[in-house]
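Peer 1: Supplied in structure tokens, the structure appears directly below.
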Amino acid sequence: MKKLIVFDLDGTLAASKSSLDSEMATLLSMLTQIVQVSVISGGNWPQFQKQLVANLGPGANLSNLFLLPTCGTKFYKYESDWELLYAEDFSKEQRDLIVESFQKVIAESDLKIEQTWGDQIEDRGSQITFSALGQKAPLEEKEKWDPDFAKRKKMKACLEKLIPDFSVRMGGSTSIDVTKPGIDKAYGIRKLCDLLGVGIDEMIFVGDAIFPGGNDYPAKEAGVFSIQVRDPNESKRVIEAIIACLGGCHDSVVTGRQL
């Protein structure tokens, strides 16, 4: 029996740094009414609030929703308000090393970036994120910059040599995320197991970057049954299928009928 459905955010539930559209908001809200739902993404908490929380329908069961920003290095649950349960923040020394390494790789890489929108390097407390075109780049520009991940794969390889004791993952459409060693979406999955009492075999993970080097891949490596999607529209069809199975036979959550 599947008790928890886990999603990536950017590229899975919404376009990069964009709000849920009305159809996705409705479907996700419906899903929270019948099963526990979690979202793990590289964005920080303010981004989660803007993209996800603020756009959920009034029927969403927030007590069934668990949010893990910055690739699972933070964990929020809802009581009377959203409560932070943990944050795996960097020390100053770690932060300085990662930023300097990013700057070195950017300087030595032939990225051919003609324009940026906002800062390229963002300190999210528990994660340092490089966004090639800047944090506020237009979606259409981001989507055409590195569609095959080739540019970021080279950067990732260089970073791993400079900071081998940290986790380096590609995320979103132009970004690279760095977290503490061993802390990635697999870590977030294990925290969900511990805090919610849910087994790996009782989860489904849905994401768009479930490939080696992608920031969704650790969830698959953790042993979660994973569904790779192309975009939010495909995710909607996946959610509809889950709702049809669990929602169409609501008692299955209690009686133990398998999803």
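The values are calculated or read from the model by the stated rules, or taken from the named source; none is laboratory data. Please read these numbers as outputs of a predicted model, since none were measured by experiment. Cβ coordinates were reconstructed from backbone atoms using ideal geometry, including for glycine residues, and neighbour counts include every protein chain displayed. Heavy atoms of the whole protein, side chains included, go into the accessibility calculation; ligands, DNA and RNA do not. Shrake-Rupley method; radii C 1.70, N 1.55, O 1.52, S 1.80 Å.
Peer 1: For the pair E83 and S109, what calculated FRET efficiency results from E = 1/(1 + (r/R0)^6), where r is the Cβ-Cβ distance and R0 = 41 Å, to the nearest 0.05?
Peer 2: 0.55
Peer 1: At 1.4 Å probe size, put K77, K2 in order of accessible surface, largest to smallest.
Peer 2: Final ranking, largest accessible area leading: K77, K2.
Peer 1: Given the chain, what whole percent of its Cα pairs are spread farther than 22 Å? Kindly include the intermediate steps, with their values, before the conclusion.
Peer 2: On the way: 17598 of 33411 pairs.
Taking all Cα-Cα pairs of the chain, the fraction more than 22 Å apart is 53 percent.
Peer 1: Let me ask you something else. Using the Cα centre of the chain as origin and beta-carbon charges of +1 (Lys, Arg) and -1 (Asp, Glu), tell me which of V168, C245, I106 is placed farthest towards the positive end of the dipole.
Peer 2: C245
Peer 1: Ok, one more. Can you tell me the Rg and Dmax of the stretch 113-247, counting just the alpha carbons, in angstroms?
Peer 2: According to the Cα coordinates of the stretch 113-247, Rg and Dmax are 16.3, 49 Å.
Peer 1: If V178, V238 are ordered by their accessible area, calculated over protein heavy atoms with a 1.4 Å probe, which sequence runs from highest to lowest? Intermediate results must be reported in sequence, preceding the final value.
Peer 2: On the way: V178 0, V238 25 Å².
Listed by decreasing accessible area, they come as V238, V178.
Peer 1: Restricting to Cα pairs below 8 Å that are 6+ residues apart, what does the relative contact order work out to for the chain? Please round to a whole percent. Could the numbers behind the result be given before it?
Peer 2: Values: 478 pairs, mean separation 61.5, N = 259.
24 percent.
Peer 1: Dipole of the chain, Cα-centred, from +1 at each Lys and Arg C-beta and -1 at each Asp and Glu C-beta, to the nearest 20 debye?
Peer 2: Values: 30 positive and 37 negative charges, 60 e Å.
Here the size comes out at about 280 debye.
Peer 1: May I pose another question? Where only protein heavy atoms count, and the probe is 1.4 Å, what is the accessible area per residue for the stretch 109-259 in Å²?
Peer 2: Accessible area per residue: 48 Å².
Peer 1: What do you get for the angle between helix 92-108 and the principal long axis of the chain? Use alpha-carbon atoms, 0 to 90 degrees, nearest ten.
Peer 2: Helix 92-108 sits roughly 60 degrees off the main axis of the chain.
Peer 1: Ignoring solvent entirely, what values of log10 I(q)/I(0) come out of the Debye formula for the stretch 31-175 at 0.09, 0.20 Å⁻¹ when each Cα is a single scatterer?
Peer 2: With no solvent term, the Cα-only Debye profile gives -0.33, -1.23.
Peer 1: By DSSP, what percent of the beta bridges with both residues in the chain are antiparallel, rounded to the nearest 5? If you can, show how the numbers build up before the last one.
Peer 2: Details: 19 of 37 bridges.
If we restrict to bridges inside the chain, about 50 percent are antiparallel.
Peer 1: For the stretch 1-98, what is the convex hull volume of its Cα atoms per residue in Å³?
Peer 2: Numbers: hull volume 11.2 nm³, N = 98.
In the stretch 1-98, the Cα convex hull volume per residue is 114 Å³.
Peer 1: Give me the one-decimal nm value for the distance between modelled label points at Q135 and S22, 7 Å along each residue's Cα-to-Cβ direction.
Peer 2: Taking the two extended label points, one gets 3.1 nm.
Peer 1: Shifting gears a bit: Exactly which GluC sites (Glu not before Pro) in the stretch 103-152 are in a DSSP loop and have at most 16 other Cβ atoms within 10 Å? Intermediate results must be reported in sequence, preceding the final value.
Peer 2: Numbers: sites: E108, E114, E122, E140, E141, E143; in loops: E114.
Here the GluC sites (Glu not before Pro) that fit, given the DSSP loop and packing criteria, are E114.
Peer 1: Next question. Per residue of the stretch 166-177, in order, report the coupling 6.51 cos²θ - 1.76 cosθ + 1.60 (Karplus, θ = phi - 60°) as ³J(HN,Hα) in whole Hz, putting x for Gly and Pro.
Peer 2: Computed from phi, the couplings for the stretch 166-177 are 10, 8, 10, 9, 8, x, x, 9, 9, 10, 10, 10 Hz.
Peer 1: Order E234, E83, E221, most accessible first, counting only protein heavy atoms with a 1.4 angstrom probe. Let's see the in-between values first.
Peer 2: Numbers: E234 55, E83 80, E221 115 Å².
Accessible-area ranking of E234, E83, E221, largest first: E221, E83, E234.
Peer 1: Now a separate question. Here is the link list: K74/K161; K92/K180; K77/K156; K17/K220; K2/K185. Which ones come out longer than 22 Å on Cα distance?
Peer 2: Values: K74/K161 26 Å; K92/K180 13 Å; K77/K156 32 Å; K17/K220 24 Å; K2/K185 19 Å.
The answer is K74/K161; K77/K156; K17/K220.
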